[in-house]
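Colleague: Here's a structure for you.
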Amino acid sequence: TIVTELSSGAFGRIILASLRATQELFIIKRVPYVNPDKKKQADDEVALLKLAQSKYTVRLIEQFVDRIDLCIVMEYCTGGNLRQFIDKMKTWSSRDRKIRTYRFVFQILTALDHLHSLGIIHRDMKPENVFVDKDGNAKTGDYGLAQKLQDKTYLRAAGTRIYAPPEAHRQNKMTTASDIYSVGVIALEMLTARHPFEGKTIDETINNIVKGKMWPLPDYINKDFQQMIMDMLDL
């Protein structure tokens, strides 16, 4: 039973649905499946999602074709996405923000470690693509832009520009380190409720990213974690 449509766009539609027998909620992503290009794109996403499966990845349940769409059925993470969670964290104490950030960063990096071990780059790590499950765990999702390196050392840049590293803007390229960079940005956003390179406009933010011009780190972040973040951001 369809509960509601959560979003729609060129990528397809995201629907929240429930199982009649148990009322269990799950997500159905409907993607166009009408011509060879669209079919390959959809099949590639499912193939990568299957490879990506790990403890801290959004769980793939099944997939099937319904008329002109491929339907990808996935677990529903009741805590919403990390963007919504960061908004809630704004009212938390710095101690509580730190505890949750350390936990989430560990879980996101664990999911990426599995992905990278298979030679896959996510290419669109951002708060909107990390989800919080019923047990309060962070699960990485949305593999629509993920790609395998194959025999290459880097891929063409993709994804959301303000979470992409300097090399994506300068040279239009991404490596596994690009995903790690994005997690560093997300971690600081969780801790401070502000993008670490935030400018008055998107262009200014991107300019700050390219130049490595970052807001000062708050004192309540311990030195070891500060150093880890700086290493992730390659600063």
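Colleague: Could you give every pair whose Cβ atoms fall below 9 Å, whose first residue belongs to the range 62-91 and is closer than 15 Å to Gly12 by Cα and of a type in the set (D, E, K, R), and whose second residue is modelled with pLDDT under 90 and outside any strand (DSSP E or B), counting only separations of at least 6 or pairs across chains?
Modeller: Asp66/Tyr33; Arg67/Tyr33; Asp69/Tyr33; Asp69/Val34; Asp69/Ala42
Colleague: Which numbered condition trips up Ala187, out of (1) touching a helix residue (DSSP H, G or I) at 6+ places or on another chain (Cβ under 7 Å); (2) without any contact (Cβ under 8 Å) to a residue 60 or more places away in the chain; (3) small (Gly, Ala, Ser)?
Modeller: Condition not satisfied by Ala187: (2).
Colleague: Let me ask something additional. I need the full set of residues from the range 1-16 which are surrounded by 14 or more Cβ atoms within 10 Å (Cβ to Cβ) and not charged (D, E, K, R), in order please.
Modeller: Within the range 1-16, Phe11, Gly12, Ile14, Ile15, Leu16 meet the criteria.
Colleague: Hey, among the residues in the range 134-148 that are touching a strand residue (DSSP E or B) at 6+ places or on another chain (Cβ under 7 Å) and at pLDDT 95 or above, which one's surrounded by the fewest Cβ atoms within 10 Å (Cβ to Cβ)?
Modeller: Within the range 134-148, the first condition is being touching a strand residue (DSSP E or B) at 6+ places or on another chain (Cβ under 7 Å), and the residues that meet it are 138-141, 146-148.
Next cut, at pLDDT 95 or above only: 138-140.
Numbers: Ala138: 27, Lys139: 23, Thr140: 27.
Taking the candidates together, the pick is Lys139.
Colleague: Which of (1) modelled with pLDDT under 95; (2) crowded, with 24+ Cβ neighbours inside 10 Å is the odd one out, the single condition Pro165 does not satisfy?
Modeller: (1)
For (1) among the charged types (D, E, K, R); (2) at pLDDT 95 or above; (3) buried (at least 16 other Cβ atoms within 10 Å of the Cβ); (4) part of a loop (DSSP other than H, G, I, E, B), each residue gets a yes or a no:
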{"residue": "Gln150", "(1), (2), (3), (4)": "no, no, no, yes"}
{"residue": "Glu204", "(1), (2), (3), (4)": "yes, yes, no, no"}
{"residue": "Asn207", "(1), (2), (3), (4)": "no, yes, no, no"}
{"residue": "Pro216", "(1), (2), (3), (4)": "no, no, no, yes"}
{"residue": "Phe225", "(1), (2), (3), (4)": "no, no, yes, no"}
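Colleague: Oh, and also: Name the residues in the range 187-235 that are more than 21 Å from Asn81 (Cβ to Cβ) and of a type in the set (Asp, Glu), would you?
Modeller: Asp203, Glu204, Asp219, Asp224, Asp231, Asp234
Colleague: With Leu48, Leu19, Leu70 as the choices, which residue is surrounded by 17 or more Cβ atoms within 10 Å (Cβ to Cβ), more than 30 Å from Ile221 (Cα to Cα) and either at pLDDT below 90 or under 16 Å from the mean Cα position of the chain (by Cα) (or both)? Outline the logic, then answer.
Modeller: On the way: Leu19 fails: surrounded by 17 or more Cβ atoms within 10 Å (Cβ to Cβ); Leu70 fails: either at pLDDT below 90 or under 16 Å from the mean Cα position of the chain (by Cα) (or both).
On inspection, the qualifying residue turns out to be Leu48.
Colleague: Considering each of Asp151, Asp142 in turn, give the residue that is touching a helix residue (DSSP H, G or I) at 6+ places or on another chain (Cβ under 7 Å) and closer than 20 Å to His122 by Cα. Explain how you work it out, then say what you get.
Modeller: Working: Asp151 fails: touching a helix residue (DSSP H, G or I) at 6+ places or on another chain (Cβ under 7 Å).
Answer to the check: Asp142.
The values are calculated or read from the model by the stated rules, or taken from the named source; none is laboratory data. Here the structure is a predicted model, which is why all the values come from computation and not from measurement. Note: ideal-geometry Cβ built from the backbone for every residue, glycine included; neighbour counts use all protein chains shown.
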